[in-house]
Amino acid sequence: MSTVESTPDAGLAAGPAERYVPRPTGSAHRRGPFTKGDRVQLTDPKGRLHTVVLEPGKQFHTHRGAVEHDALLGRPEGIVVTSTGGTDYLALRPLLVDFVLSMPRGATVVYPKDAAQIITYADIFPGARVLEAGVGSGALSCSLLRAIGDAGRLVSYERREDFAAVAQRNIETFFGGPHPAHTIRVGDLIESLERDIDRVVLDMLAPWDVLDTVSAALVPGGVVCAYVATTTQLSRVVEALRGHGTFAEPAAWETMMRNWHVEGLAVRPGHRMVGHTGFLVTARRLADGVTPPVRRRRPAKTGLADSTSADSTSAVPASAVLGAGPAGAAAPSSDPVAPVPDGPSDS
Ligand SMILES: C[S@@+](CC[C@H](N)C(=O)[O-])C[C@H]1O[C@@H](n2cnc3c(N)ncnc32)[C@H](O)[C@@H]1O
């Protein structure tokens, strides 16, 4: 196993008056007038995006003419620059959402809508110690690092060296250099000896295989969050968490995001959407030696009641279930689920 340690960013930012506070890694290129080295997203009138990295004296060329980088340097975000061919471009720094959807990929990335859910429902907090596998292209790592900040610690396992290298590059590009809270380890998470971890985030083919490692790593009350692509993986990881004996009742859910077209009287859902990305599962680590509470369910009275929803037959209100997760997603399934032979390729 090899390790890539990041080194601290020594930059300081002026705080109120006499107070100086360390500048959070990556923040230097996220505010203020455009400076050398900034990534800038130019949007043309048709909504097409072009990303440039600003260098004095350079030009950005399209078939609609050239834009001088000097026309952007020293100027605020949100300006419009005009190419020599007369085309207007809106100039903004890309947001993390823009960056992860356009960055080079080794493996499939966690989509921003799911990364947002992970940050909130896995309760990723500033200063948290987080363990992650696999790092893939590093998209989720960027969100995790932003949430934990420089005072946190993120250890990301990736068993493919080539993916780890892609992720390292993407993360350093986004933060403008190495992140002091980040370590990538090339190897299988199952080999990890990490301890005292607050949160574990799994985006990998077979999260059920690593639950002993996860359980040993997590502090009591810690959260494990798994992101899986298929229903077979979903049932297998939930049942494995239930059967493990060191986790409270898991919560499982998915999120669908639909954009809306809003123009005059034409206010309607967009014609296209990303129909499916993945399912999320969270569970809390119990204290050592504690047996998970037995979940009691009221038996279904009729076939009709049985067919309405698992929530309606549960004696435990969804909001009272121990696992993290959105209200309503935490209610336990009423059916036992058989293990599945395999899952999808996570490349
Ligand atoms: C879908 S990708 C992760 C994408 C990443 N979360 C992102 O947002 O860019 C899944 C990754 O998990 C890695 N992987 C699968 N099983 C693993 C394991 N047991 N330990 C470490 N990495 C693993 C794969 O090599 C693959 O790169």
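Being within 29 Å of ARG30 (Cβ to Cβ), within 14 Å of the ligand (Cβ to nearest atom) and touching a Lys or Arg at 6+ places or on another chain (Cβ under 9 Å), is that true of even one residue in the range 221-229?
Just the residues of the range 221-229 that are within 29 Å of ARG30 (Cβ to Cβ), to begin with: 223, 225, 227.
Going one step further and asking which of them are within 14 Å of the ligand (Cβ to nearest atom), we end up with 225, 227.
Those still in the list that are touching a Lys or Arg at 6+ places or on another chain (Cβ under 9 Å) too: 225.
Within the range 221-229 (the criterion being within 29 Å of ARG30 (Cβ to Cβ), within 14 Å of the ligand (Cβ to nearest atom) and touching a Lys or Arg at 6+ places or on another chain (Cβ under 9 Å)), the answer is yes, since at least one residue qualifies.
For the range 213-233, a residue qualifies if it is farther than 27 Å from ASP288 by Cβ and surrounded by fewer than 24 Cβ atoms within 10 Å (Cβ to Cβ), and the qualifying residues are ALA229, THR230, THR231, THR232.
Conditions (1) in a loop (DSSP other than H, G, I, E, B); (2) modelled with pLDDT under 95; (3) in the same structural domain as GLN117 (by TED's automatic domain parsing); (4) touching a Leu at 6+ places or on another chain (Cβ under 9 Å), marked per residue:
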position	(1), (2), (3), (4)
ALA17	yes, yes, no, no
THR51	no, yes, no, yes
ARG75	yes, no, no, no
VAL81	no, no, no, yes
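All of (1) more than 8 Å from the ligand (Cβ to nearest atom); (2) within 30 Å of GLY289 (Cα to Cα); (3) free of Cβ contacts under 8 Å to residues at least 40 places away in the same chain hold for ASP209 with one exception: (1).
Regarding the range 247-263, can at least one residue be identified that is more than 18 Å from the chain's Cα centre (by Cα) and assigned to a helix (DSSP H, G or I)? No.
Wholly within the range 106-193, which strands (runs of 3 or more DSSP E) include no fewer than the required count, namely at least 1 residues that are within 9 Å of the ligand (Cβ to nearest atom), out of contact with any Ser or Thr (no Cβ under 6 Å at 6 or more places or on another chain) and not assigned by TED's automatic domain parsing to the domain that holds VAL53?
Values: elements: 129-133, 153-158, 182-186.
Ranges flagged: 129-133, 153-158.
If you check LEU145, LEU193 for being within 28 Å of GLU239 (Cα to Cα) and at pLDDT 95 or above, only one passes: LEU193.
Put simply, of GLY278, GLY221 the only residue that is assigned by TED's automatic domain parsing to the domain that holds LYS113 and more than 18 Å from VAL135 (Cα to Cα) is GLY221.
The values are calculated or read from the model by the stated rules, or taken from the named source; none is laboratory data. From a predicted model like this one, the values you see are computed outputs, not experimental measurements. For neighbour counting, all protein chains shown are included, and Cβ atoms are generated from backbone atoms with ideal geometry for every residue, glycine included.
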